[in-house]
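Notes for the one structure printed next.
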2 protein chains.
Amino acid sequence: MATIDDVARMAGVSKGTVSSVFSKKRPISQQVTERVLEVAQELGYFPNHLARSLAIKRTMSIGLKIPLPPDGTMTAFDTQLINGVIKECSKQGYRLVLDTLPEQEDPTLYSQDPVDGVILLNPRKNDLRIQRYLMMGTPLVLVGRSDPYDDTISYVDNNNTNVARQVGDYLLRGGHKTVLFLNASSDMTVSYDRKHGLAEAYSQHGLPMPEEYVVYYDHKLHANGTEYGYMSIMNSYGNMNYTAVITDTDRVALGVLRAARELDIEVPEQLSVIALSNDAILAQDMNPKLTSVELSAETLGAEAAKLLFEKISDKRIHRQIIIPAQLVVRESCKFLS
Amino acid sequence: MATIDDVARMAGVSKGTVSSVFSKKRPISQQVTERVLEVAQELGYFPNHLARSLAIKRTMSIGLKIPLPPDGTMTAFDTQLINGVIKECSKQGYRLVLDTLPEQEDPTLYSQDPVDGVILLNPRKNDLRIQRYLMMGTPLVLVGRSDPYDDTISYVDNNNTNVARQVGDYLLRGGHKTVLFLNASSDMTVSYDRKHGLAEAYSQHGLPMPEEYVVYYDHKLHANGTEYGYMSIMNSYGNMNYTAVITDTDRVALGVLRAARELDIEVPEQLSVIALSNDAILAQDMNPKLTSVELSAETLGAEAAKLLFEKISDKRIHRQIIIPAQLVVRESCKFLS
DNA sequence: CTGAAAGCGCTTACAG
DNA sequence: CTGAAAGCGCTTACAG
């Protein structure tokens, strides 16, 4: 490809001038502008976005760190969140870089992301990635809160404690005494919040939360969420005596339902199931239709993007936004008499 | 942020050496490596991806040009296609840059996309964007074919002519004599192919295709697909005498159904409706459930990405892939006796 | 309004 | 195994 030097040489001007013709950052005379444009046209010259970004220290794109599930298919949550982010990018004239690359162990393999800022999903406890972005000075917004808590970090989140408390209360009020909670992995901040919320619900009903009924996803044990749900029920039903199960996601619930079918457990008659995240497609197609929680992923994404643009324009800004989640009652829970 | 120079200076080595420690492109002694890494750690140094990309002329990311519909919400087709692309990127260690930015009129506003190659959706007749990418030497893959046809351009596509012929045949065999076709915009190659296919169906049934029953989407007339469907029926029903309508997308079909409801036209009793693209979510939720065509958007995306990676590794390669589309019969069409 | 030159932060022959 | 220097293709004070 022709470069700015080629154009400058051929048009008999300096490259600063060619640069100005394209960037319009300083006025160039009509005649020179025309000549430069002509030559550029002839040579098929287009400015190199990368070189420009390096020079001005601005890429006009933001990154979204989004780990792909092992089966490679994004969840509806992911999809909706991306849609929220992309809408805001579009408004601001930014590109969106979807980064699904796995985290590297080798520290020499890191580099600064080629973007002006990053949205990070599913923060963990003492998340190394967060520390790294802070060191690099990369504007950062989390979807989910940080642990240890740092109020200088911007994030959007559902009120996960609340959600779990509400769901717990819903079940306990319904006469359930013992609830199996298939939580997300223990290192995620959301897991902690949810457990906490469930504990509050128990305590509101004057009950202690049975700790052994709160289990965590372990990717070493389970290939995916559905298997996690399936195996958990297969291994525990009969030994433990829960009448309801709360799952991390609807995919986990899918596994629970499958296990129930195999064990001839009727849902919701013998077992109530409720998922803490609502994948519009799956939830409605399950049998029975899954009672779940709507997290408003698109809103989370849009708000995260807005926070990030704020932060890009002024690094000192930090703000937290809580998006309310809604319990959506369908058919998979039963009130015991 | 610390740069490679800072590290080099502080470690008392040349920047070439620091570079080599991180890139591992030439061997560096154990001791020097350790010292460099230590200093880097201390300074919080991370290589600048942009600068690296500029030097090696490789970004390790590909672009997807995806215009956002005016309402900002991606269609299921878009979503599925992205998912297909992203899966392949993930496998290859690439990032995916989603570019929704509008096309610029001003030629000075173009620049080379900061990616190693581009997937372009919805090519048009004499598409300027295609010509530009070819000039720049940017590896390019289309989703949809180019017009004028150029067999050196890689693309993936459904067999749109076939799809339209099949759908047309389905309706004509069902006893319909006149079909209203709400096609996509006239400048898209897919519109041409579909019209052609429908004409073939008519001719197979010994009928001429009534040209005035093939209309095109015009974004100056309609804010979105749904309105296009709605207005088209409102304005034509009664004046024209079709018994079936083929729509570009299920969103257009949604508008058709709405109009039918307002005009007290029963679907499918009085009007059959069939969409040429199947948005899994919408189609099933419509009333009646929409008969439509499954285009396998995810496969299109995955194959497009594969072709692009091929082309990035060897620019001379060009290949075309046709993904079969499937007619999915649901409830919105009726066979006339 | 325009040019010369240094700078953005890397990589890579070439030499030793 | 390591260094010095040119190069990747832009932008931007500084000077005129």
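The values are calculated or read from the model by the stated rules, or taken from the named source; none is laboratory data. Nothing here was measured: the structure is a model prediction, and the numbers come from that model. A quick note on method: Cβ atoms are made from the backbone with ideal geometry, for glycine too, and the neighbour counts reach across all protein chains shown.
Take A:Ser20 and decide whether it is crowded, with 18+ Cβ neighbours inside 10 Å and in contact (Cβ under 8 Å) with a residue 60 or more places away in the chain. Quick ask: steps written out before the conclusion?
On the way: crowded, with 18+ Cβ neighbours inside 10 Å: yes; in contact (Cβ under 8 Å) with a residue 60 or more places away in the chain: no.
Spelling it out, it is not the case that A:Ser20 is crowded, with 18+ Cβ neighbours inside 10 Å and in contact (Cβ under 8 Å) with a residue 60 or more places away in the chain.
Could you go through region A:89-98 and let me know if any residue there is more than 19 Å from the chain's Cα centre (by Cα), surrounded by fewer than 20 Cβ atoms within 10 Å (Cβ to Cβ), within 9 Å of chain B (Cβ to nearest Cβ) and within 12 Å of DNA strand D (Cβ to nearest atom). Within region A:89-98 (the criterion being more than 19 Å from the chain's Cα centre (by Cα), surrounded by fewer than 20 Cβ atoms within 10 Å (Cβ to Cβ), within 9 Å of chain B (Cβ to nearest Cβ) and within 12 Å of DNA strand D (Cβ to nearest atom)), the answer is no, since none of the residues qualifies.
For beta carbons closer than 7 Å, sequence separation of 6+ or different chains, a first residue in region B:4-16 that is away from every other protein chain (no Cβ under 14 Å) and without any contact (Cβ under 8 Å) to a residue 60 or more places away in the chain and a second that is of a type in the set (Gly, Ala, Ser) and more than 7 Å from DNA strand D (Cβ to nearest atom), the qualifying pairs are B:Ser14/B:Ala8; B:Lys15/B:Ala8. Might you let me know whether region B:47-69 holds any residue that is under 20 Å from A:Gln112 (Cβ atoms), in contact (Cβ under 8 Å) with a residue 24 or more places away in the chain and more than 31 Å from the chain's Cα centre (by Cα)? Yes, the conditions are met somewhere in region B:47-69. Residues that are away from DNA strand C (no atom under 12 Å from the Cβ), of a type in the set (A, V, I, L, M) and in contact with a Ser or Thr (Cβ under 8 Å, 6 or more places away or on another chain) do not occur anywhere in region A:45-55. Name every residue in region A:1-11 that is in a helix (DSSP H, G or I) and either surrounded by fewer than 13 Cβ atoms within 10 Å (Cβ to Cβ) or in contact with a strand residue (DSSP E or B) (Cβ under 9 Å, 6 or more places away or on another chain) (or both), in order of residue number. Passing the criteria: A:Ile4, A:Asp5. With respect to the stated conditions, B:Arg145 fails to be farther than 24 Å from B:His318 by Cα and touching an Asp or Glu at 6+ places or on another chain (Cβ under 6 Å). Among the residues making up region B:240-255, those that are out of contact with any Ser or Thr (no Cβ under 6 Å at 6 or more places or on another chain), at pLDDT 95 or above and crowded, with 24+ Cβ neighbours inside 10 Å are B:Val245, B:Ile246, B:Thr247. Taking B:Val39, is it of a type in the set (Val, Ile, Thr), facing chain A (nearest Cβ under 9 Å) and either within 16 Å of DNA strand C (Cβ to nearest atom) or without any contact (Cβ under 8 Å) to a residue 40 or more places away in the chain (or both)? So B:Val39 does not fit the description; no.
Identify, from the list A:Ser203, A:Ser186, the residue that is out of contact with any Lys or Arg (no Cβ under 6 Å at 6 or more places or on another chain), more than 24 Å from A:Ala260 (Cβ to Cβ) and at pLDDT below 95. It would help to see each step written out before you state the result.
Working: A:Ser203 fails: at pLDDT below 95.
A:Ser186 is the lone residue from the list that is out of contact with any Lys or Arg (no Cβ under 6 Å at 6 or more places or on another chain), more than 24 Å from A:Ala260 (Cβ to Cβ) and at pLDDT below 95.
Inside region A:223-256, residues that are in a loop (DSSP other than H, G, I, E, B) and either within 21 Å of the chain's Cα centre (by Cα) or closer than 21 Å to A:Ser332 by Cβ (or both) make up a count of 8. Output the residue which, of all residues in region A:12-34 that are more than 9 Å from DNA strand C (Cβ to nearest atom) and in a helix (DSSP H, G or I), is farthest from the chain's Cα centre (by Cα). Among those residues, the one meeting the criterion is A:Glu34. Looking for something over 30 Å from B:Glu298 (Cβ atoms), of a type in the set (Gly, Ala, Ser) and touching an Asp or Glu at 6+ places or on another chain (Cβ under 8 Å) - is there at least one such residue anywhere in region B:222-243? No - not one qualifying residue is present in region B:222-243.
Please work out if B:Arg132 is touching a strand residue (DSSP E or B) at 6+ places or on another chain (Cβ under 8 Å), in the same structural domain as B:Phe309 (by TED's automatic domain parsing), under 25 Å from A:Arg58 (Cα atoms) and more than 16 Å from DNA strand C (Cβ to nearest atom). The answer is no for B:Arg132.
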